[in-house]
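Note sheet for the following structure.
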Amino acid sequence: MNLNYIFLIPLIPLIVFLVLGIFSQKIKAGISGYIGVLGIAISTILSYFAAWQYFMVEGKLNGVYQTFTEKTVWIHFTESLHIDMGVLIDPISVMMLVVVSTVSLMVNIYSRGYMKGDDGFTRFFAYLSLFTFSMYGLVLATNLFQIYIFWELVGVSSFLLIGYYYTKTSAIAAAKKAFIVTRFADFGFLIGIFIIGYYTNTFDFQTLNDPEGSILTSWASTSFMGLSVLAWALILIFMGGAGKSAMFPLHIWLPDAMEGPTPVSALIHAATMVVAGVYLVARLFPMFYIVEEGFVLHIVAYVGAFSALFAAIIAITQTDIKRVLAFSTMSQLGYMMMALGLSGYDGHEGVGFMASMFHLFTHAMFKALLFLGAGSVIHAVHSNLLQDMGGLRKYMPVTNITFLIAALAIAGVPPLAGFWSKDEILVAAYENNQFLYLIGVFVAGLTAFYIFRIYFGIFWGKDTSYKHSPHESPGSMVIPLVVLAVLSMVAGFVPFSEFISADKAGFDTHINVPLAVIATGAGAVGILMAWIFYKKENDLASRFANAFGVFYKCTSRKFYFDEIYLFMARTIFFKNVAAPIAWFDKKFVDGTMEGIGNKTVVISEKIKGIQSGKLQDYAFGLIAGFVVIAFMFIYLWTN
């Protein structure tokens, strides 16, 4: 397979970023929007062509999808240990190219209308292109170090986008919070990379993912605290993925990231940055499966399931529609992690792996649609809060219909996209861990409830008296909504298991009717409850909130995790660790250096008179020196 044009996919948004960044003061705002859209459109066309060529023409050999790489050595450590730079094409990287391209293109088109008139219009499109370049580099990476480089670039890009409104205190705080929390997680990721490099003598994905596992099994006996060193390395790598994908307890940055413009929320929380952690586990899945007989996968499964439940419960009580969608993203990512953790490797045993990637694919479409729909509403009413909305279906018919399609999709209503992928996840859970299956079904009901809570609150409910009559968004915002709505309806019909599987051979799937009925029933109950509580204005919700009392308050305050982390940071770390270190640094390190400097000044004051510039002083010094030397010579000669 010819990979030369693949390099253009990330290169084009990089060029767009450089052009818009360097010439931002010279390019008119309207033109910069067209440049940004055109660049992503070309990368999108190339991504779709790569998918067609790989899946339909050249990718399969003897019934198995092949892995193609084009790379060059960048840094040598030893003869066998080196960092390469290049591209890797296989089923999940091609799928991610399609996902990232589609959502990025829709977000860029949408942003032309949403950000119109903003003072930083050109800067915004430059940041979008940098982010997209970073994501392309991440999904095409051939080795652990290359993916880490682009992993950090994604972090920088998200910092710039979340903190785009840099004069707004809350946006600055949110950007710093996201950056710092994910850096802690990424430190674990980096240590894991070092451990793997040291023990396996390679960073290359193809070598590490060898199904025979010859390199990995040779180090199975090297252990620490009862686990092999490679198992610890994978736990640390998962720590990095959990930070990026906002898994519990590294989730606290996600809701605050809503301070960025709404198109940023769609880009970061739908298909790009937050799914990077899921993609990382999938990229190293054979290694996760082999090492310690999949022990680390059990950790992945339980962390994912708990995160899904935890976030869904919190989403029920949030009043900012973007924060509801943020916790929804965390919950759906938990679903994906759970499916990966419950997956086998061969054939149908790998249904969890396939289901996770399938849900990543479908979720990207309907979650991007939900965020962009929310942005359309915010653009109309100038508020994020549910209490400022209501009855908008009369003013915004297109946004209403497209948002409803996305809500039905995430609720798992057949035959929309979310039904098919969520059904496969629940099948994987039922076949491997029925406790986690029950959690998955419960979360499905909660998901339907919280998403229709905000749908009815926005488009039905009370008919709010708006200061300015709301109106439908402009065409540049409506077109992406319609496109994503269509994709949310048809994406589930893709025969995904034929293209994406753990062993790359593909397999056939069919609907498990009893499980599908149970999951759909749970979603229907959630929708019905939301209908009763929120379709018409009533006091049922407030009565239930009062009935649950302390639990409701804890849930609405996100179980006080922000306060817990602040206490740990300020009281424990800053006061008891950072403050003593700062005192030692000031008194001893700085004090020693300052003392040496002060003594040098004192001595120089004493001796600087020697360089007086007077001829008689120099003559006196010369004669005195000769006299001393003469006396020393005489003394030594006579003795």
Original post:
In degrees between 0 and 90, to the nearest 10, how far off the longest principal axis of the chain does helix 91-114 point, with axes built from Cα atoms?
Top reply: 90 degrees
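Past 22 Å, Cα to Cα, is the threshold; run K244/K553; K394/K535; K367/K467; K168/K553 against it and keep the listed order. Could the numbers behind the result be given before it?
Values: K244/K553 28 Å; K394/K535 15 Å; K367/K467 30 Å; K168/K553 28 Å.
In this structure, K244/K553; K367/K467; K168/K553 exceed 22 Å between Cα atoms.
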Original post:
With each label point set 7 Å from Cα along the Cα-Cβ vector, what nm distance links T169 and K575?
Top reply: 2.3 nm
Original post:
Using the beta-carbon distance between H298 and I596 and R0 = 60 Å, what value does 1/(1 + (r/R0)^6) give for FRET efficiency, to the nearest 0.05?
Top reply: 0.60
Original post:
After finding the eigenvalues of the alpha carbon gyration tensor for region 480-639, what semi-axes result from the square roots of 5 times each, listed largest first in whole Å?
Top reply: 88, 30, 18
Subject >> Percent of Cα-Cα distances greater than 28 Å, calculated over region 68-223 >> reply: 34 percent
**OP:** Check the straight Cα-Cα distances from K28 and name the lysines below 24 Å, setting aside those fewer than 8 residues away within the same chain.
**Re:** K116
Subject >> Rule-of-thumb Rg ratio for region 2-107 [Cα; 2.2 N^0.38 Å; N residues] >> reply: 1.31
Original post:
Quick one: helix 513-534 against the long Cα principal axis of the chain, what's the angle to the nearest 10°, folded into 0 to 90?
Top reply: 90 degrees
Subject >> Extension reserve of the S542-H76 stretch, reckoned as 0.36 nm per residue once the Cα distance is removed >> reply: 161.4 nm
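At a 10 Å Cβ-Cβ cut-off, how would you order I607, I15, I410, fewest neighbours first?
Values: I607 8, I15 15, I410 30.
Ascending number of Cβ neighbours within 10 Å: I607, I15, I410.
Of the peptides 513-526, 437-450, how do they stack up when ordered by the mean number of other Cβ atoms within 10 Å, highest first?
Working: 513-526: 17.4, 437-450: 23.3.
Most protected by this proxy first, the peptides run 437-450, 513-526.
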**OP:** Two decimals is fine: what's Rg over Rh for the chain, C-alpha atoms, Kirkwood radius as Rh?
**Re:** 1.12
Subject >> Under the Debye formula (equal points on every Cα, no solvent term), log10 I(q)/I(0) of region 149-211 at q = 0.12, 0.27 Å⁻¹ >> reply: -0.44, -1.07
**OP:** Please list, or write none, the lysines whose alpha carbon is within less than 26 Å of the alpha carbon of K608, excluding same-chain residues fewer than 8 places away.
**Re:** K599
Original post:
With no solvent and one point per C-alpha, what does the Debye sum give as log10 I(q)/I(0) for region 563-638 at q = 0.16 Å⁻¹?
Top reply: -0.82
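How much length is gained if the chain between L61 and R557 is pulled fully straight, taking 0.36 nm per residue apart and subtracting their Cα-Cα distance, in nm to one decimal? Before the final figure, lay out the partial values.
Values: separation 496, 0.36 × 496 = 178.56 nm, distance 5.36 nm.
Value of the extension gain: 173.2 nm.
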Original post:
So for the pair A505, T207, with labels modelled 7 Å out along Cα→Cβ, what separation do we get in nm?
Top reply: 2.7 nm
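For a footprinting-style exposure proxy, rank R453, R123 by other Cβ within 10 Å, fewest first.
On the way: R453 27, R123 16.
Least crowded to most crowded, the residues run R123, R453.
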**OP:** Compute the acute angle (0 to 90°) between the alpha-carbon long axis of helix 475-490 and the principal axis of greatest extent of the alpha-carbon atoms of the chain; round to the nearest 10°.
**Re:** 70 degrees
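Could you line up Y455, Y395 from fewest to most neighbouring Cβ atoms inside 10 Å?
Fewest to most other Cβ atoms nearby, the residues stand as Y395, Y455.
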Original post:
Based on the alpha carbon coordinates of region 439-529, what radius of gyration and maximum Cα-Cα distance (Dmax) apply, in Å?
Top reply: 18.8, 59
Subject >> Centre separation in Å (Cα based) which lies between region 551-625 and region 29-103 >> reply: 50 Å
Subject >> Contact order relative to length of the chain, as percent, for alpha carbon pairs under 8 angstrom and 6 or more apart >> reply: 12 percent
Original post:
In region 25-86, which GluC sites (Glu not before Pro) are in a loop and have at most 13 other Cβ atoms within 10 Å, using DSSP for the loop call?
Top reply: E79
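Which of rounded, prolate, oblate describes region 402-482, given a ≥ b ≥ c as roots of the alpha-carbon gyration tensor eigenvalues and a/c under 1.5 marking rounded, otherwise prolate only if a/b is larger than b/c? List each step's numbers first, then the result.
Working: a/c = 4.66, a/b = 2.09, b/c = 2.23.
Because a/c hits 1.5 or more and a/b fails to exceed b/c, region 402-482 counts as oblate.
With runs of 4+ DSSP H residues as the only contributors, calculate the mean residue ellipticity of the chain at 222 nm using -39,500 (n - 2.57) per run, divided by the residue total and rounded to the nearest 500. It would help to have the intermediate numbers written out before the result.
Working: 28 runs with 421 residues, N = 639.
Here the helix-only value at 222 nm equals -21500 deg cm²/dmol.
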Subject >> Amide hydrogen neighbours beyond the local backbone of N143, cut-off 5 Å, H modeled >> reply: F205
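Here, each number is a calculation from the coordinates, and none is a lab measurement. The structure displayed is predicted, hence computed values, not measured ones. We place every Cβ from the backbone using ideal geometry, glycine too, and count neighbours over all the protein chains shown.
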